[in-house]
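The values are calculated or read from the model by the stated rules, or taken from the named source; none is laboratory data. Quick caveat: nothing in here was measured; it's all calculated off a predicted structure. Virtual Cβ from ideal backbone geometry, glycine too; neighbours counted across all protein chains shown. Each accessible area value is taken on the protein alone, full model and side chains, heavy atoms only, with ligands, DNA and RNA left out. Shrake-Rupley method; radii C 1.70, N 1.55, O 1.52, S 1.80 Å.
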Amino acid sequence: MARKKEIQKGKEKEPKPSLREIMTQALELPVELSDLSKTTLLGNKELSIQNFKGIIEYDTKIIRLNTKDFMIKIWGENLNIKNINDEDITVNGKISGIELN
Amino acid sequence: MLFTRIVDFFQGYVVLYLEGIHLERFLNMAINEDIYLWDLKRLSETTMRLKVSRKGFKRLRHLAYKTKTKVSLCGKYGYFRWRKKAFARKFFILSVLLAVVLIAFLSSLVLDIEVIGNTTVEKEVILEKLNEINLKKGVFRGNIDRDKVSNKLITDLDNISWVGITEEGTKVIIEVKERRPAPVIVPKEIPCHIVATKDAVIKNMTIENGDAAVQIGDVVAQGQVLISGIVTSEKADTRYLHAMGSVVGKTWYEETVTNKMFEYEKEYTQNVHTKRYIRFFDYPIRLSFSDQVPYYNYDTQTERKIFGFVTWETNRYSEYTLHRKERGEEEVKKQAEEMLTENLYKTYDREKVLSVTFEHSYNEAGELATRLLAECEEEIGEALDFTKEMQIQEEEHADE
């Protein structure tokens, strides 16, 4: 009995995958079609994020973005946005760190 | 993304200078409206610079109002600006375009035709023949069919045995080689004999100047003197004349051809393979997958459509199989006789031919050999200058 409860608790703690995620994985569709954001870092000079939701803060030393499940914080120096549109953003400059939470 | 940037450049973009306290909010609203921004640079806590397409800029204005952001234009770029200036100079642009088109068009025409190598045939005659097959100044360069041109000149003009056609830009150079050398004409002041051009039997003689050296019915050899320019008489001294006259003799013409008793006949299967090419200034770009034709025996048929310097070429390859077909003896004999007769009449006119005989025989290889023997009458007189010979003789006598 106790064991069953533990397993159930374990299951509850895991977040349920969304339908979109299930479909993407099952059909092996490209990741871009799911609603996960994709971050590509080129050296420390350029960072591109696909599938983000919005900008929270934009400064030359720190940029904060919002994605579906979490927030991305980028800090560095001379940070500029190379281009930005509905779903993608490319940040360039001297990037020191990225934090996801 | 790059593609949209190119498009935006063509359609024009602006550089904006933003000032406000809710710049991030402004950005979020902009991207939600699907406006593409690039080259963002944060200048201070309240100012920012960015680039946006002209269309996007128009939609930004009300967002700026909502977020209380001050927007000022830093610069306008793009094709549209150039176009505005260009329209002020409409005619200049138009004439530049026209000049380019005109040059391209003119380069694809034939502007000059040069004829070299002709000594007996007049240049005008050759140009007239070329005109008949549509090779003249102003025709498209791509339309020249070299085989057709050389065939036309060789068949129509007797003296021409070879034709070469080269193109140097817009100039077409026609080089001809002639068959018979120009006849040697001895000037009237110089004494000469009339000699025989080939072996013959004398049929007719008409003497205008000189002494006859042979009689009607005589058999003469090539080079033999027919009318002499040296006239001796008892009463006067030896005179040296320029012999003139016409000597008609009976000559022989002989030719043999061999023909095989079978032939290979083409039987076309239904298979046709097509390949297409585009040519830019004679350089072909293959539009089919490979360069190989999948048949062993095939006929090629080419169709060309020419637009200035661009040519659309379609090649059709029709497959055929060869069948060995035995030919009837009568048929082969008849064909051989016809061919020999045709050759005969190329050299001699019909009236000149007195008689024609054929001899057929089989050789060791089983082929039919046909021999044509014809008797013709023709002018056999030719002037021969004997002064040089006489000079040499005199010198020899002087030595003695």
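Expressed as a whole percentage, what fraction of the accessible surface of the protein assembly as shown belongs to carbon and sulfur atoms when a 1.4 Å probe is rolled over the protein heavy atoms?
Carbon and sulfur together cover 52 percent of it.
Kindly compute the accessible surface that chains B and A hide from a 1.4 Å probe when together, both sides summed, and give it to the nearest 100 Å².
About 1500 Å² of accessible surface is lost on pairing.
If you add up the charges near B:Thr256, with Lys and Arg at +1 and Asp and Glu at -1, over every other residue whose beta carbon is less than 11 angstrom from its beta carbon, what do you get?
Taking every other residue near B:Thr256 into account, the sum is -2.
Less than 13 Å Cβ to Cβ from B:Glu267, Lys/Arg counted +1 and Asp/Glu -1: what total charge do the surrounding residues give?
-1
How do B:His273, B:His193 rank by accessible surface area computed with a 1.4 Å probe, from largest to smallest?
Highest to lowest solvent-accessible surface, that is B:His273, B:His193.
Over chain B, with a Gaussian network built from C-alpha contacts below 10 Å, which listed residue (B:Asp39, B:Asp158, B:Asp218) shows the highest mean-square fluctuation?
Per the Cα network of chain B with a 10 Å cutoff, B:Asp39 tops the list.
Counting only heavy atoms of the protein chains, get the accessible area per residue of the protein assembly as shown (1.4 Å probe) and round it to a whole Å² value.
67
Net charge within 13 Å of B:Glu342 by Cβ-Cβ distance, Lys/Arg positive one each and Asp/Glu negative one each, not counting B:Glu342 itself?
Within the 13 Å Cβ shell, the charges total 0.
With θ taken as phi - 60° and the coefficients 6.51, -1.76 and 1.60, list the Karplus ³J(HN,Hα) couplings across the stretch B:212-229 in order, rounded to whole Hz; mark glycine and proline as x.
Going residue by residue, I get 6, 9, 9, 10, 5, x, 6, 9, 10, 9, 4, x, 6, 6, 9, 10, 8, x Hz, with x marking Gly and Pro.
Residue separation times 0.36 nm, minus the C-alpha to C-alpha distance between B:Phe9 and B:Thr170: what's the value?
Full extension from B:Phe9 to B:Thr170 adds 53.9 nm.
Per DSSP H run of at least 4 residues, take -39500 (n - 2.57); add these up for chain B, divide by its residues and hand me the 222 nm value, nearest 500 deg cm²/dmol.
After summing the helix terms and dividing by residue count, I get -9000 deg cm²/dmol.
Of all GluC sites (Glu not before Pro) in the stretch B:18-48, which ones are in loop regions per DSSP and have a Cβ with at most 13 other Cβ atoms within 10 Å?
Answer in residue order: B:Glu33, B:Glu45.
If a/c stays under 1.5 just call it rounded; otherwise compare a/b with b/c (prolate if a/b is bigger, oblate if not). Do that for the stretch B:24-155, with a ≥ b ≥ c from the square roots of the Cα gyration tensor eigenvalues.
The shape class here is prolate.
Run the 1.4 Å probe and let me know the accessible area of B:Asp299, rounded to the nearest 10 Å².
About 40 Å², rounded to the nearest 10.
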